[in-house]
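What follows draws every value from the coordinates through simple rules; no lab data is involved. Because the structure is a prediction, the values reported are computed rather than measured. Using ideal geometry, Cβ is built from the backbone for each residue, glycine included, and neighbour counts are taken over all protein chains shown.
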């Protein structure tokens, strides 16, 4: 199978349309199973009580916020290095979802922090570096809006995304490098320091967040392709089809 | 402090963010399709090499 065939917007656009429902359904099913594990199966935490159940959205969203940034920078780097249009469009499609994942991570972290630490916010290394990640996402989005020429915007956003990648290991290792209010990692290579049902619920929710992120990024990518490729010959059949649907 | 208030606040806002994002993407897609149907001017520098990456 020639995967490079799908490196063109013309061939990837219909493929993305076929993939979106599958990832959307997977996200909904996994979220339902994850919520059942989180609220009906997993036990109450011995120290934190019920409030620890925020972990099932806080940790997946925090992981996704970092992961999506790296993926965005990767596609941005490809666009920068090879001038590939689809890579730049993918990077453009990822940024808003990454920003929203960061907002969810910060919001749920604040709501978890108040009953457990006694404060919604502290300027510790983990929280501050996650906030910097949000500013990086917003910076990438704003930079794109500020430049009229899309190919120049692609290059500028890719450079900013690549520079910002340095923040991701800082976020991840901050709880080891510095003495932070934020707790250390519960899942390590040596094992997880939590009940197996808690871990199962968290992992299922993580896959739900993954599936959702893929579905929504592909959906946004399809809109971006239509925006940026209008006037292209390959879109002409699509235009006549949507006009016919609208006339019906 | 009732812990369920914090849990509800976390899950409700997450759900709201997801719904808002889905609606926003749907609206963007519809806007892009209507621009396409209306035959608006091509995006700057777009489709300079159709079919190529």
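Distances longer than 13 Å among the Cα atoms of the stretch A:36-106: what percent of all pairs is that? For the stretch A:36-106, the share of Cα pairs beyond 13 Å comes to 68 percent.
Considering only the Cα atoms of the stretch A:82-157, their convex hull presents on average a projected area of 5.7 nm². Remark: A:13, A:58, A:182 ranked as A:182, A:13, A:58, counting other beta-carbon atoms within 10 Å and listing the fewest first. The modelled label-to-label distance for the pair residue A:146/residue A:18, using points 7 Å beyond Cα in the direction of Cβ, is 4.1 nm. The alpha carbon radius of gyration of the stretch A:139-248, expressed as a multiple of 2.2 N^0.38 Å, is 1.66.
Shown is the FRET efficiency for residue B:23 and residue A:135, computed with R0 = 22 Å from the Cβ-Cβ distance and rounded to the nearest 0.05: 0.30. Counting Cβ atoms of other protein chains within 10 Å of each Cβ in A:52-61 and taking the mean gives 3.
Can you run the Rg to Rh ratio on the stretch A:16-247? Use alpha carbon positions and the Kirkwood inverse-distance Rh. That ratio is 1.03, to two decimals. Between the Cα long axis of helix A:150-164 and the first principal axis of chain A there is an angle of about 20°, rounded to the nearest 10. Placing a pseudo-label 7 Å from each Cα along the Cα-to-Cβ vector at residue A:192 and residue A:29 gives an inter-label distance of 2.1 nm. Relative contact order of the stretch A:16-247: 35 percent, from C-alpha pairs under 8 Å at least 6 residues apart in sequence. Evaluate the distance, in nm, between pseudo-label points positioned 7 Å from the Cα of residue A:182 and of residue A:48 along their respective Cα→Cβ axes. If labels sit at residue A:182 and residue A:48, their model points lie 1.3 nm apart.
Neighbour counts of other Cβ atoms within 10 Å put A:190, A:129, A:65 in the fewest-to-most order A:190, A:129, A:65.
Against the longest principal axis of chain A, how steep is helix A:55-82, in degrees 0 to 90 to the nearest 10, with axes from Cα atoms? Once rounded, the angle reads 40 degrees.
Plainly put, the stretch A:1-65 has a radius of gyration that is 1.23 times its Kirkwood radius, both from alpha-carbon atoms, as the Rg/Rh ratio. For chain A, take the longest principal axis of its alpha carbons; what is the angle in degrees between that and the long axis of helix A:9-36, to the nearest 10 within 0 to 90? The helix A:9-36 is inclined about 20 degrees to chain A. Where only DSSP H runs of four or more residues are counted, chain A gives -26000 deg cm²/dmol as its mean residue ellipticity at 222 nm, each run worth -39500 (n - 2.57).
One decimal place: the segment residue A:166-residue A:124 gains 13.3 nm when fully extended, by the rule 0.36 nm per residue minus the C-alpha distance.
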